[in-house]
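Report on the following structure.
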Amino acid sequence: MHGTELRRKLAEETGQITWQELERHFARGALIVIGPELNLVETAARIAEDDAVSVQGWIQRGQVVRATDEHARRWVHSRSRLWAVVVAPWVLVQESEPPKIH
């Protein structure tokens, strides 16, 4: 599956998730953090399509990283909202800020 169909499928499978639901993926080393400047669905599609050039560039720029203990500590103690999508064997997550209350 490639192109528009893949992106549509990934978008449909993307959702918010709690840290507790992600802990087991973190423990097995399969949790990947996507930087806020990237589009989660597009990044997931590029990974699924084995677009090594794009992925390597993001890794080199620190925009795609394996979740660290620091990420885990922050997520445990904060109200971060995480968006997630699976691109087996990886679970990609991206932080989003809670809505501001005026």
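One residue is enough: does segment 60-74 have a residue meeting the conditions at pLDDT below 95, farther than 18 Å from residue 8 by Cα, of a type in the set (A, V, I, L, M, F, W, C) and part of a loop (DSSP other than H, G, I, E, B)?
No, segment 60-74 has no match at all.
Just to be sure I understand the filter: pairs with C-beta atoms under 7 Å, separated by 6 or more residues or on different chains, first member in segment 11-30 and without any contact (Cβ under 8 Å) to a residue 40 or more places away in the chain, second member part of a helix (DSSP H, G or I). Which pairs pass?
Pairs found: 11/41.
Restricting the search to segment 78-91, which residues are closer than 15 Å to residue 18 by Cα and surrounded by fewer than 17 Cβ atoms within 10 Å (Cβ to Cβ)?
The answer is 78, 79, 80, 81, 83, 86.
If residue 38 passes every condition in (1) surrounded by fewer than 17 Cβ atoms within 10 Å (Cβ to Cβ); (2) in a loop (DSSP other than H, G, I, E, B); (3) out of contact with any Pro (no Cβ under 9 Å at 6 or more places or on another chain) but one, which one does it miss?
All conditions pass for residue 38, except number (1).
Keeping to segment 1-35, report how many residues are small (Gly, Ala, Ser), in a helix (DSSP H, G or I) and more than 18 Å from residue 96 (Cα to Cα).
Within segment 1-35, residues that are small (Gly, Ala, Ser), in a helix (DSSP H, G or I) and more than 18 Å from residue 96 (Cα to Cα) number 2.
Identify all residues within segment 15-26 that are at pLDDT below 95 and either closer than 13 Å to residue 83 by Cβ or surrounded by 13 or more Cβ atoms within 10 Å (Cβ to Cβ) (or both); write none if there are none.
15, 16, 17, 18, 19, 21, 22, 23, listed by residue number.
Could you list all residues from segment 62-77 that are surrounded by 13 or more Cβ atoms within 10 Å (Cβ to Cβ) and touching a residue at least 12 places away in the same chain (Cβ under 8 Å)?
Across segment 62-77, the qualifying residues are 63, 64, 65, 66, 67, 71, 72, 75.
Among the candidates 59, 47, which residue alone is touching a strand residue (DSSP E or B) at 6+ places or on another chain (Cβ under 7 Å), without any contact (Cβ under 8 Å) to a residue 60 or more places away in the chain and more than 17 Å from residue 96 (Cα to Cα)?
Unique residue meeting the criteria: 47.
The values are calculated or read from the model by the stated rules, or taken from the named source; none is laboratory data. Source: prediction; values computed, not measured. Counting neighbours? That spans all protein chains shown, and the Cβs are built from the backbone with ideal geometry, glycine included.
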